[in-house]
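The values are calculated or read from the model by the stated rules, or taken from the named source; none is laboratory data. Computed from a predicted structure; not experimentally measured. Backbone-built Cβ (ideal geometry, glycine too); neighbour counts: all protein chains shown.
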Ligand SMILES: Nc1ncnc2c1ncn2[C@@H]1O[C@H](COP(=O)(O)OP(=O)(O)OP(=O)(O)O)[C@@H](O)[C@H]1O
Ligand SMILES: [Mg+2]
């Protein structure tokens, strides 16, 4: 039995005008690549926001590596080993790529930041000659790479990536997803949020389907790919 | 000709004061999105601090500047952490209202402690100046200009070369993204406001050597800082330096070269500059378009 990394129970949250999440349960084994799929407005980003401390939960609990992170502030969550790569990249647009990456290591006091930048470039060779470029001037795909790289710079145990494929050409999506898989093979657990269900289930070990703030289905990626409801709603077959 | 040169020099020196006053105001506005109506009152805290140390401890006013900075840093941190952080996510109007209130409270405290009397800091070198041909450069104003430039350099270094400076920039650029790399928003907000207040304190210390000190002496400086930021543009120290020096020049030259515009017209000139910039170049001379 693998170690339980993340255990979410009965999570409810919203933005004031009624709840968006209605009692979400989620179990995450260390080392997994998990896909979280769901339609527009289902609450996927909200769930990540609650996990990373940006959105306060109204009830429920979050246990990460044995630690209670329910309602913890974002800096505590980062310190505990969770990185959240937000939807829409959200880079520091007027700073250079290098500065973005260095800020990703903000809480670390060691001297290995440079070697971790090298590691990010190892995953994304396209960034190699762009470290001094202003982040806002990069292409969408490159910005997504920087966003993931910035998340990696905190040396997380769990990397949560929100819709990396958004607005990218299929070729670039493929690259980004492949890197997510190799990051996962290198020992980082990955929670991949995607609207592109084909891509997500192709890459993942297991998946959760979020519908209107509730987990409607969960199972191995293969099971979900074959599930008639999933096929009808998300794969269009 | 030498009169014109004299005016240009005086304008730059006045501009130096404006730079000092506006740096902290610009930082707080750019990062926290707060137009701090209490900025002028913080400048006055610096004036009284220098006056107090000079009068009661005999410390040279220029040597009191680091102390002013430390005192105002502490006050700024506490005010932001204890008060403004509570409404920071509210619309701009609420923070305006709150800083307006803080301004009133400070002015009333000054009245309570120092009465409405005018006070001044007069040193042995107060009237002295450097004579170059027909042009006179007052020592105190020259020192104020130099110190203002050093202050600008120090803030620029802090913002662009240090870990904390980058954290402040990150918060100014994207609060959520900043939190996601582990930056403690409440602390960085308070630090930013504290640095802004410390700059106001230094500006106040400088100003105490060239003007009378009274509870409301800071009022014009809030407006002038506002104009400097609009003129230079928001978001970088160099923009404030350019805006401040230029505004000082405009004010002195307009008053001396345009017939009919005397010393009483300073607010009208500030307002004219404000309107012109907003119409012709709303992002300011060096500002980034939001
Ligand atoms: N900051 C916010 N303030 C208020 N309501 C919000 C906010 N963010 C999201 N919502 C609302 O919460 C609901 C869930 O949104 P969320 O962004 O979590 O969905 P999502 O599954 O990530 O959708 P998408 O695939 O479009 O990103 C939506 O109805 C949305 O309008
Ligand atoms: Mg989303």
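Data overview
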| quantity | calculated |
| --- | --- |
| Scan of segment A:1-56 for residues that are within 11 Å of ligand 2 (Cβ to nearest atom), over 19 Å from residue A:188 (Cα atoms) and within 14 Å of chain B (Cβ to nearest Cβ), ordered by number | A:45, A:46, A:49 |
| Counted residues, segment A:133-142 - those being within 12 Å of another protein chain (Cβ to nearest Cβ) and either within 30 Å of residue A:66 (Cβ to Cβ) or in contact with a helix residue (DSSP H, G or I) (Cβ under 7 Å, 6 or more places away or on another chain) (or both) | 1 |
| Breaking point among (1) within 14 Å of chain B (Cβ to nearest Cβ); (2) buried (at least 17 other Cβ atoms within 10 Å of the Cβ), for residue A:110 | (2) |
| Complete set of residues in segment A:56-69 that are farther than 16 Å from residue B:186 by Cβ and in contact with a helix residue (DSSP H, G or I) (Cβ under 9 Å, 6 or more places away or on another chain) | A:57, A:60, A:62, A:64, A:65, A:67, A:69 |
| Failed criterion for residue B:180 (all others in (1) surrounded by fewer than 22 Cβ atoms within 10 Å (Cβ to Cβ); (2) in contact with a helix residue (DSSP H, G or I) (Cβ under 7 Å, 6 or more places away or on another chain); (3) modelled with pLDDT of 95 or more hold) | (1) |
| For residue B:182: the one exception among (1) away from chain A (no Cβ under 14 Å); (2) part of a loop (DSSP other than H, G, I, E, B) | (1) |
| Filter pass, residue A:68 being over 19 Å from residue B:179 (Cβ atoms) and within 16 Å of ligand 2 (Cβ to nearest atom) | no |
| Matching residues in segment A:180-237 - criterion: being within 27 Å of residue A:122 (Cβ to Cβ) and without any contact (Cβ under 8 Å) to a residue 60 or more places away in the chain | A:182, A:185, A:186, A:188, A:196, A:199, A:202 |
| Condition met for residue A:154 (away from ligand 2 (no atom under 16 Å from the Cβ), within 14 Å of chain B (Cβ to nearest Cβ) and closer than 24 Å to residue A:8 by Cα) | yes |
| Condition check for residue B:188: part of a helix (DSSP H, G or I) and within 22 Å of residue A:156 (Cβ to Cβ) | yes |
| Subset of segment A:211-229 that is under 21 Å from residue A:164 (Cα atoms) and out of contact with any strand residue (DSSP E or B) (no Cβ under 6 Å at 6 or more places or on another chain) - its residue that is farthest from ligand 2 (Cβ to nearest atom) | A:225 |
| Any hit, segment A:82-94, residues being within 16 Å of ligand 2 (Cβ to nearest atom), touching a helix residue (DSSP H, G or I) at 6+ places or on another chain (Cβ under 9 Å) and under 17 Å from residue A:188 (Cα atoms) | yes |
| Long-range neighbours under 7 Å by Cβ, at least six apart or interchain, first residue closer than 20 Å to residue B:220 by Cα within segment B:269-282, second in a loop (DSSP other than H, G, I, E, B) | B:277/B:284 |
| Segment A:165-197, subset within 16 Å of ligand 2 (Cβ to nearest atom) and modelled with pLDDT under 95, residue farthest from residue A:87 (Cα to Cα) | A:197 |
| Pairs with Cβ under 6 Å, 6+ apart, first in segment A:69-84 and facing chain B (nearest Cβ under 9 Å), second part of a helix (DSSP H, G or I) and crowded, with 18+ Cβ neighbours inside 10 Å | A:74/A:52; A:74/B:179; A:77/A:52; A:83/A:151; A:84/A:48; A:84/A:52; A:84/B:180 |
| Condition check for residue A:204: within 16 Å of ligand 2 (Cβ to nearest atom) and within 13 Å of the chain's Cα centre (by Cα) | no |
| Residues being assigned to a loop (DSSP other than H, G, I, E, B) and either closer than 15 Å to residue B:58 by Cα or at pLDDT 90 or above (or both) - total across segment B:127-142 | 0 |
